[in-house]
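**Student:** Here it is, the structure in full.
What follows is calculated from the coordinates using simple rules that are stated; it is not laboratory data. Keep in mind that this is a model prediction, so the values were computed, not measured. When we count neighbours, we look across all protein chains shown, and the Cβ atoms used for this are built from the backbone with ideal geometry, even at glycine.
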Amino acid sequence: MRTAEISRNTLETQITVKVNLDGSGQARLATGVPFLDHMLDQIARHGLIDLDIAAKGDLHIDAHHTVEDVGISLGQAFAKAVGDKKGIRRYGHAYVPLDEALSRVVVDFSGRPGLEYHVDFSRARIGEFDVDLFREFFQGFVNHAQVTLHVDNLRGINAHHQAETVFKALGRALRMALELDPRMADMVPSTKGTL
């Protein structure tokens, strides 16, 4: 089983993340940011990745530190759980619609952090959630998972739908990239021999 547990304790946040990359899509989420929990559940459910995330942050200020640090911690957990990357497919992609919204996410477990993020939300807030924080989440995840990630919302009018298609597509893309290919069982999917 490809599992990992990460704890991150700073003056701003205290976070514990447990992941099982070979799970069944179960999620126990308590970040203190309800819309973030809803999006993380999409990753778990559509990625068939078990997630257990608990966070306490300085929400009396705002959600910035909590959202960013959850992204960082989740990235660290993914990097640890995937290990040497032997046998993985490495690349994953998904297009996901939800009513009028459509998003595409492409991921490469390259060992190099890179984020291309193109989401023009139709409004600045979804309920109490500031949509600018999604970029911070993805940047933290990318930097610490050491992945290249392209996130594109191709169309959408409803900001909730836009966000949900992005996170569902991320779950599906991660599922594809992390799937074990029996033909690559003892090989790293790179001409370098390492990722």
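**Student:** Suppose we keep just the alpha-carbon trace of the chain; what are its Rg and Dmax in angstrom?
**Tutor:** When restricted to the Cα atoms of the chain, Rg and Dmax are 15.9, 51 Å.
**Student:** Still on this model: If you average the alpha carbon positions of the stretch 91-122 and of the stretch 13-57, how far apart do those two centres end up, in angstrom?
**Tutor:** One Cα centre to the other: 19 Å.
**Student:** Sticking with this structure for a sec: Give me 187, 176, 1 sorted ascending by neighbouring Cβ count inside 10 Å, so fewest comes first. Could you put the intermediate results ahead of the total?
**Tutor:** Working: 187 13, 176 18, 1 8.
Final ranking by Cβ density, sparse to dense: 1, 187, 176.
**Student:** For 132, 120, 37, what ranking results if the residue with the fewest other Cβ atoms within 10 Å of its Cβ goes first?
**Tutor:** By the 10 Å Cβ count, ascending, the order reads 120, 132, 37.
**Student:** Related question: Can you compute the modelled spin-label distance between residue 143 and residue 86, with each label point 7 Å from Cα toward Cβ, in nm?
**Tutor:** 3.2
**Student:** While we're here: Under a cut-off of 20 Å between alpha-carbon atoms, report the aspartates and glutamates in cross-link reach of residue 192, not counting same-chain residues fewer than 8 places apart.
**Tutor:** 84, 108, 181
**Student:** Continuing with this model, one more query. For the chain, which longest stretch is free of loop sites, where a loop site is one of the trypsin sites (Lys or Arg not before Pro) that DSSP puts outside H, G, I, E and B and that has at most 13 other Cβ atoms within 10 Å? The partial results should precede the final answer.
**Tutor:** Numbers: sites that count: 123, 192.
With trypsin sites (Lys or Arg not before Pro) excluded where exposed in loops, the chain gives 1-122 as its longest stretch.
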